[in-house]
Amino acid sequence: MSLVVAVLHIGATESKYAFSFRYKPTKIYSENAFASRRQPTSVLVDKHGQFYAFGRQAEEHYTDANQKVGWRLFERFKMDIKDTKSTVRDCEGRTCPALDIYEMAIKYLLGRLMKFIRDILTNLFEESAVFFIITVPDTWGKIGKQFTLEAAVKAGINKDAVDLSFESEAAALWCINTVKEGRILQCPGHIYIVINHESDIIHITVLEATPEGNVKSAFSESCDGILVEKYFLQYFERIFGKGILQEFRKHNTMSYFDFMDYLEGKKNIDVILTQPNIVVRLPRELIEIGSTNRKRHDSSIQRDKMRIEVSDLKQWLEDGVTRLVEIIKALLIKTNQKEIQSVLLVGGIADSMFVQNELKTKLPGINVFAPNEGNWTVVKGASLFGHKTVSTNMTRTTNSKNMLPPNVISKKTTITKAKLSNKKFPVVAAFDFGTTYSGYAYSYEYNEQNIKANDTWRSNDASASLNSLKTPTTVLLDPQGHFHSFGFEAEDEFARLIEENVHDGWRLFRRFKMILHNNKDLSRYTNVEDIKGKPFPALTIFAMSIKYLREHLLKAIGRQTLGIEESDILYVLTVPAIWDVAAKQFMREAAEEAGINNDRLLLAFESEVAALWCVRHFRHDILQLIGTKYIVIDLGGGTADITVHERQPDGDVKVINQPTGGAWGGIKVDEKFFEYLEQVLGKGILEELRNTDLEDYYMLIRDFENKKRSDPIISNRFTTVRIPSSMNQIARNRQKENKTPGESKAFKADKLRIDSSIIQGWFEHTLRPLLEHIKILISQRNLADVRTIMLVGGFAESLYVQNRLKEELSGIKLIVPEEAGLAVVKGAVIFGQRPYVFASRVMSYTYGIEVYDEFDEKLHLAGKRVFVDGRWRVKNCFQPFVRANEAIPVDHCVTQYITPMAIVSLISVYRSLSVNPKYTTDPGCEYLGMLMIENPENVSFNTQEKEVSFMFGNTEILVSVKHIETGREDKLIINCL
């Protein structure tokens, strides 16, 4: 997977390029020397038809080349392009194939861009590590994309490493992800206009968000722009006479371009409108030409200065906005678009509050907004588009050929004991974010033993009382895509909306946590589906959920205690121990988006913290003995999370086996129950019930949840499930219409009697792999003396589950705490009180970094020899820090001393199941993520030695960097998304 996305934007009047890294897609790198001065889209061709220069350099060289026969300057050629057979005209009206000129422009920008990237990184950086995005005007359509792709390939870009983005869609994507008001643009059915002001051209595009999370274009057209510079030029011609500027340029080309740059600095509309008049300094050459052409004396000109009344400019701008609004309204009528809800303003005038307010006044009832730095919105959005394309269309790879090469010189490595923080917080709060249910608990420093769990979750359905200490992990969004409610409140409100038939546009998300389990393609752009199957960004849904729990917690604390600030709270967020590092990072980023400070957030493993609760509050003699080993099984709705512990002195715990588990949670039983209902009552009956009476649908699910946990399935021959009356009626209607195989004898009135052997089969579907796994686990030599299992989690409350474990695991003592579903969240509070209670953990992988090693022909492959920093070295060397199956203490710290080679240092982190990997390209080696360190440009890299320290014994891999010369320390994140 490419780690760098680079954007080429060939605009109608000016061009840009930039790049960003996958691990931080919203940080855009652009070359100051190129970006600080407007670069016109101009190509200079010599008399042999060969490319000579681009941009301002092309225009400046054309001054001299003008004396040479056959030299040709192509300006503002982009809008003449219609298809691959189009021609463009030079300054003198001579034509040339558009494809050739566009290829030259792309090739030049590509060369500049790659040089810029290598200046930032290293000369060893290869173009194959880049995925390119080239922007395309919406008015070009598919033919324009075909033209651009052909030009890009001719310019030397691999066709498999490039994609094309319509400019309006790119702008919308940036706003959706970075502007608060922009999120509304992703709501299905939301229709909006993108006004892209590019110099003296305005592109108007109408877009509609689709249920699949994409956009479709209704139409796109262009019109004249509202350009301050254009007003100035018109004013000059009014004073000096028509054609004055063309004559000025012809005889004084360099002065003309300097004057255009000067006017560029005068275009800030909002600043201009605060002054009574505008003063423009005129070039001497323009005054001389103008003095002969000017027909009348104008008092606004005094020597080399021209004063322009601001009121005149303001009227001109107002007229321009009025013309734009008239064009928009005419286009809406022509294309039958009536439901425009928003206007997104980007480009040259996007930053002007005057223009924004004029549009708001002239388009009442329509939301008008603009991002900061509107001139770069298209480029930035195209970068996000590239990262989204790479993340969704390409799978992660273990092949390092597309990874960024190390650009640091690695020196010595040391192993030390880190000093662990013992900072105490007035409040420790934990969130148990579950697949089916979520909740929180907290404690105060002055009374740590008293751990409070929220007990105020309420539902309109009496059958939900079983779950009063937790609430469903369910999110409801309103038609604008805004958060409405969570938990029981979300389910009940959506049921009411359906009953009143006013639910159109509302979206309900349930049981979405499993999207993170074992997802090798997880990224920031991963979607979750609502109950109708329509996608929405997963990160946003997770963040909304955590934010709701956080705000609910703060209200609860505020009702009980005065003087507690949020900065006094340490948050703990539980995750399955078997989750991959990318899933953990995803949860951390969601929590950060929800408003939780990263420095006050811990991630806790669910099975580990559940054991802390059991050990503290259930005084079984066996659990208090030093050296006792026990297995903890956290059986939730989605997964079974299994860890093995050993009691240590002073109350500490040693994790003595890798975390294991699988998708063996309670929802597997639910799935079998749903399949059975459709067999008995007809296929599609559940969907019909959900669409017509959601309240009854929830009642059915909650009633079965009660049965699943508490019903004595083994002792009873039948289990009876109450069928809602609405479902009963649907079933009978279907039987009349012959949509079902006939009435089941098990179905009587409002009850469905199910043979217990059938239900036992549903349980066995998920319990069988769990039991087999546990048997294999305790057969290991180091676990042969394990005689205790703690069973926690919501699914652990099932009597059938408990009985099956007792039957199959003879000789093992099974401990199930009361309210087993709360063991995780309460144990997480204990973990927050003592974050280092787990003295060590066993590594599932060998972790290390990719380095250049000294080349030794006896040890290394000749094909991996490279010349770096004046010496022969070996590329792709795996430098291990910790090894698979190794027990690593919580304070174990590996420090790598490095010297940077470039402005941005990149360190690639790898892992392997092998204990002794040699190269990062070995089978089984997997690229994990990237560390980035920015280095000062004005200091020699040789003097910028740094200590990069890794700690692997925690629930997350912790990384910090210390700048040796200054002593400054920073936290780093291994970016895996």
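The values are calculated or read from the model by the stated rules, or taken from the named source; none is laboratory data. On a predicted model such as this, the values are computed, not experimentally measured, just so you know. Neighbour counts are summed over all protein chains in view; Cβ atoms, including those assigned to glycine, are modelled from backbone coordinates with ideal geometry. Areas reflect the complete protein model, heavy atoms only, side chains present, ligands, DNA and RNA absent. Shrake-Rupley method; radii C 1.70, N 1.55, O 1.52, S 1.80 Å.
Key figures for this structure:
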| quantity | calculated |
| --- | --- |
| Unmet requirement for MET514, which otherwise passes all of (1) open to solvent by 10 Å² or more (accessible area, probe 1.4 Å); (2) among the aliphatic types (A, V, I, L, M); (3) touching a helix residue (DSSP H, G or I) at 6+ places or on another chain (Cβ under 7 Å) | (3) |
| THR788 vs. criteria of a type in the set (Ser, Thr, Tyr), touching a helix residue (DSSP H, G or I) at 6+ places or on another chain (Cβ under 6 Å) and open to solvent by less than 30 Å² (accessible area, probe 1.4 Å) | yes |
| Breaking point among (1) surrounded by fewer than 22 Cβ atoms within 10 Å (Cβ to Cβ); (2) at positive phi, for TRP506 | (2) |
| SER485 vs. criteria among the small types (Gly, Ala, Ser) and over 25 Å from LYS24 (Cα atoms) | yes |
| Residue in region 860-879 that is touching a Gly at 6+ places or on another chain (Cβ under 6 Å), farther than 16 Å from SER410 by Cα, open to solvent by 50 Å² or more (accessible area, probe 1.4 Å) and not hydrophobic (A, V, I, L, M, F, W, C) present | no |
| First in region 932-951 and under 16 Å from LYS412 (Cβ atoms), second anywhere and open to solvent by 30 Å² or more (accessible area, probe 1.4 Å) and assigned to a loop (DSSP other than H, G, I, E, B), Cβ under 8 Å, 6 or more apart | GLU945/ILE964; GLU945/GLU965; LYS946/ILE964; GLU947/ILE964; PHE950/ILE957 |
| Selected residue (criterion: farthest from the chain's Cα centre (by Cα)) from residues of region 180-224 that are at pLDDT below 80, assigned to a loop (DSSP other than H, G, I, E, B) and of a type outside the set (Gly, Ala, Ser) | ASP200 |
| Exclusive hit being touching a Lys or Arg at 6+ places or on another chain (Cβ under 9 Å) and touching a residue at least 12 places away in the same chain (Cβ under 8 Å), set VAL961, VAL904 | VAL961 |
| Selection within region 936-954 - hydroxyl-bearing (Ser, Thr, Tyr) and within 30 Å of the chain's Cα centre (by Cα) | SER949 |
| Residue that is farthest from GLU221 (Cα to Cα) [pool: residues in region 325-354 that are in contact with a Leu (Cβ under 7 Å, 6 or more places away or on another chain) and assigned to a helix (DSSP H, G or I)] | PHE354 |
| Residues within region 325-373 that are small (Gly, Ala, Ser) and out of contact with any helix residue (DSSP H, G or I) (no Cβ under 7 Å at 6 or more places or on another chain), tallied | 2 |
| Residue that is nearest to VAL321 (Cα to Cα) [pool: residues in region 254-289 that are of a type in the set (Asp, Glu) and at pLDDT 75 or above] | ASP258 |
| Only listed residue being crowded, with 20+ Cβ neighbours inside 10 Å and part of a loop (DSSP other than H, G, I, E, B), chosen from ILE546, ILE531, ILE578 | ILE578 |
| Test set (1) open to solvent by less than 60 Å² (accessible area, probe 1.4 Å); (2) polar (S, T, N, Q); (3) not in a strand (DSSP E or B) - ASN885 fails condition number | (1) |
| Qualifying positions in region 26-56 - surrounded by fewer than 15 Cβ atoms within 10 Å (Cβ to Cβ) and either modelled with pLDDT of 90 or more or not in a strand (DSSP E or B) (or both) | ASN32, ALA33, SER36, ARG37, LYS47, HIS48, GLY49, GLN50 |
| Region 835-851, residues that are open to solvent by 30 Å² or more (accessible area, probe 1.4 Å) and either under 32 Å from the mean Cα position of the chain (by Cα) or more than 30 Å from LYS452 (Cα to Cα) (or both) | PRO835, TYR836, SER844, TYR845 |
| Enumeration of residues in region 368-388 that are under 11 Å from ALA170 (Cα atoms) and among the aromatic types (Phe, Trp, Tyr) | TRP376, PHE385 |
| Members of region 912-936 found to be open to solvent by 40 Å² or more (accessible area, probe 1.4 Å) and assigned to a strand (DSSP E or B), listed by number | GLU926, GLU934 |
| Residues being under 27 Å from GLU819 (Cβ atoms) and open to solvent by 10 Å² or more (accessible area, probe 1.4 Å) - total across region 752-767 | 4 |
| Options VAL851, VAL829; residue that is β-branched (Val, Ile, Thr), in a helix (DSSP H, G or I) and touching a strand residue (DSSP E or B) at 6+ places or on another chain (Cβ under 7 Å) | VAL829 |
| Any hit, region 459-474, residues being under 31 Å from the mean Cα position of the chain (by Cα), open to solvent by 30 Å² or more (accessible area, probe 1.4 Å) and at pLDDT below 90 | yes |
| Selected residue [among the polar types (S, T, N, Q) and in contact with a Pro (Cβ under 9 Å, 6 or more places away or on another chain)] from THR135, THR87, THR139, THR148 | THR87 |
| Residues of region 338-385 that turn out to be touching a residue at least 12 places away in the same chain (Cβ under 8 Å) and farther than 30 Å from PHE21 by Cβ, as a count | 18 |
| Residue count, region 956-977 (criterion: over 26 Å from ASN942 (Cβ atoms) and not aliphatic (A, V, I, L, M)) | 3 |
| Region 433-443: number of residues that are more than 15 Å from THR456 (Cα to Cα), in a strand (DSSP E or B) and either without any contact (Cβ under 8 Å) to a residue 24 or more places away in the chain or open to solvent by 10 Å² or more (accessible area, probe 1.4 Å) (or both) | 0 |
| Matching entry among LEU522, LEU570 (being open to solvent by less than 50 Å² (accessible area, probe 1.4 Å) and at pLDDT below 90) | LEU522 |
| Condition check for ILE541: at pLDDT 90 or above and either closer than 21 Å to MET699 by Cα or buried (at least 17 other Cβ atoms within 10 Å of the Cβ) (or both) | yes |
| Near pairs, Cβ below 8 angstrom, 6+ apart or cross-chain, from region 788-808 (at positive phi) to any residue that is of a type in the set (A, V, I, L, M, F, W, C) | GLY793/ALA610; GLY793/ILE633; GLY793/LEU635; GLY793/ALA820; GLY793/ALA823; GLY793/VAL824 |
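Quick grid of which residues meet (1) at pLDDT below 80; (2) open to solvent by 90 Å² or more (accessible area, probe 1.4 Å); (3) farther than 15 Å from HIS197 by Cα:
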residue: SER291; (1), (2), (3): yes, no, yes
residue: LYS295; (1), (2), (3): yes, yes, yes
residue: MET306; (1), (2), (3): yes, no, yes
residue: GLU326; (1), (2), (3): no, yes, yes
residue: LEU331; (1), (2), (3): yes, no, yes
residue: GLN337; (1), (2), (3): yes, no, yes
residue: ALA350; (1), (2), (3): yes, no, no
residue: LEU363; (1), (2), (3): no, no, yes
residue: GLU373; (1), (2), (3): yes, yes, no
